[in-house]
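**Student:** Below are the structure tokens for one structure; questions will follow.
The values are calculated or read from the model by the stated rules, or taken from the named source; none is laboratory data. Note that the coordinates shown come from a computational prediction; the quantities given were computed from them, not determined experimentally. Positions of Cβ are backbone-derived with ideal geometry, glycine not excepted, and every protein chain shown enters the neighbour counts. SASA here: full protein model, heavy atoms, side chains in, ligands and nucleic acids out. Shrake-Rupley method; radii C 1.70, N 1.55, O 1.52, S 1.80 Å.
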Amino acid sequence: MSLPIGFTDHPADLLRVGQGFSLAAAPTDAAPGYSGKKIDGAETLAERAPVLAQLQEQLFAESRFGGQKSVLLVLQAMDTAGKGGVVGRVVGAVDPQGVKLKSFKSPTEEEKAHDFLWRVRPAAPEPGMFGVFDRSHYEDVLIHRVHGWADEQELERRYAAINDYEQELVDSGTTIVKVMLNISQDEQLERLSARLHDPTKYWKYSPTDLDERQYWPAYMDAYQRVFEKTSTEHAPWHVVPADKKWYARMAVQELLIKELGGLNLQWPAGDFDVAAERARLKDA
């Protein structure tokens, strides 16, 4: 696996959750494996965007001729960690007709009447699609553990159900890239303050953001449990330092390029006689 320019090690290797992983020991204000600075990272992001775009186009094109592959990016994080920036700056660089974006908010009354995965299954990407869950099915184990809305037995059932569901997706041809953007409490406070001092960002602010900060240790514990229970061989987690937005975006971009690049995507040959069509073109 070749390294992208500026990287001494691939983020896929450095950021993957493995045996004995500790979220408490994971950096938030670092750029693991990258030797450059912010300005270099911005250039790298721009230079690598066409690579990701071409891979996504190949994925989409293959499906038009029977390909069954798809990709699902699962984004989880505390508020202000930069999920929107990843969607806009990384995913936003590819063709939107091949993207399926879903953000899971508080469930409706109808959704509450069903099992927690009921609303998730229809949102999975079809063949050829680049799916993005901006918040995901993991909300149903994270916030439920933090606020005590589900007991330990139910949480264990949900972890197992998530693993089974993700295995089903993989078996059907979906490559899953799970990312937790790891922001510090201090950085989150700065970003919340910035929103309250900029009228153009009021729409991003919610009073509940401050309310949930009170539960920070509980959330970190809940994330640690998620990693221990659901970081599997078929769908591993990657924890990306998020205090530096430029690094987080670049790292997620590289994770996606690596996974898409490993799918051996091919441009479809077409279902017509190329030579004959070229001859016809001369008389058109």
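**Student:** Could you compute how fast region 64-215 diffuses translationally, taking Rh as the Kirkwood radius over C-alpha pairs and applying Stokes-Einstein at 20 °C with viscosity 1.002 mPa s? Give it in µm² per second. Show your work: numbers first, answer last.
**Tutor:** Working: Rh = 17.2 Å.
Translational D for this selection: 125 µm²/s.
**Student:** Let me ask something else. I need two numbers for the chain: Rg to one decimal and Dmax as a whole number, Cα atoms only, in Å.
**Tutor:** Final numbers for Rg and Dmax: 20.4, 72 Å.
**Student:** Roughly how many debye, to the nearest 20, is the charge dipole of the chain about its Cα centre, given +1 on each Lys and Arg Cβ, -1 on each Asp and Glu Cβ, and no other charges? Could you put the intermediate results ahead of the total?
**Tutor:** Values: 33 positive and 43 negative charges, 145 e Å.
Computed about the Cα centre, the dipole is about 700 debye.
**Student:** Taking the Cα centre as origin and putting +1 on Lys and Arg beta-carbons and -1 on Asp and Glu beta-carbons, what dipole magnitude results for region 168-258, to the nearest 20 debye?
**Tutor:** 300
**Student:** Oh, and also: Between region 256-282 and region 172-193, what is the separation of their alpha carbon centroids in Å?
**Tutor:** Comparing the Cα centres of region 256-282 and region 172-193, I get a distance of 36 Å.
**Student:** Then there is this: Using amide H atoms built 1.01 Å from N in the peptide plane, name the residues 5+ places from Met129, or on other chains, whose amide H lies under 5 Å from its own.
**Tutor:** Correct list: Val71.
**Student:** Using unit Cβ charges (K, R positive; D, E negative) and no other charged atoms, how large, in debye to the nearest 20, is the dipole of region 41-84 about its Cα centre?
**Tutor:** In total the dipole reaches around 180 debye.
**Student:** On average, how much accessible surface per residue is there in region 97-253, in Å², for a 1.4 Å probe, leaving out ligands, DNA and RNA?
**Tutor:** Accessible surface, normalised per residue, equals 47 Å².
**Student:** Only helices at least 20 Å long along their axis, Cα-based, and averaging -1.0 or more on Kyte-Doolittle count here, so list those DSSP H runs from the chain.
**Tutor:** 38-63, 216-230, 245-261
**Student:** When the expected Rg is taken as 2.2 N^0.38 Å, what fraction or multiple of it is the alpha-carbon Rg of region 1-64?
**Tutor:** 1.42
**Student:** Round to a whole angstrom and tell me the spacing of the C-alpha centers of region 99-167 and region 46-97.
**Tutor:** Here the two parts' Cα centres lie 20 Å apart.
**Student:** In whole percent, and with a 1.4 Å probe on the protein chains, what portion of the accessible area of the chain is carbon and sulfur?
**Tutor:** Ligands and nucleic acids excluded, carbon and sulfur give 51 percent.
**Student:** Sticking with this structure for a sec: Using a Förster distance of 45 angstrom, determine the FRET efficiency expected from the C-beta separation of His234 and Leu196, and round it to 0.05.
**Tutor:** It comes out at approximately 0.60.
**Student:** Would you please give the residues with an amide H less than 5 Å from that of Leu101, counting only those at least 5 places away or on a separate chain, with H modeled from the backbone geometry?
**Tutor:** HN-HN under 5 Å from Leu101: Val132.
**Student:** Using only alpha carbon positions, build the gyration tensor of region 136-284, then give the equivalent ellipsoid semi-axes as the square roots of 5 times its eigenvalues, largest first, whole angstrom.
**Tutor:** 41, 25, 14
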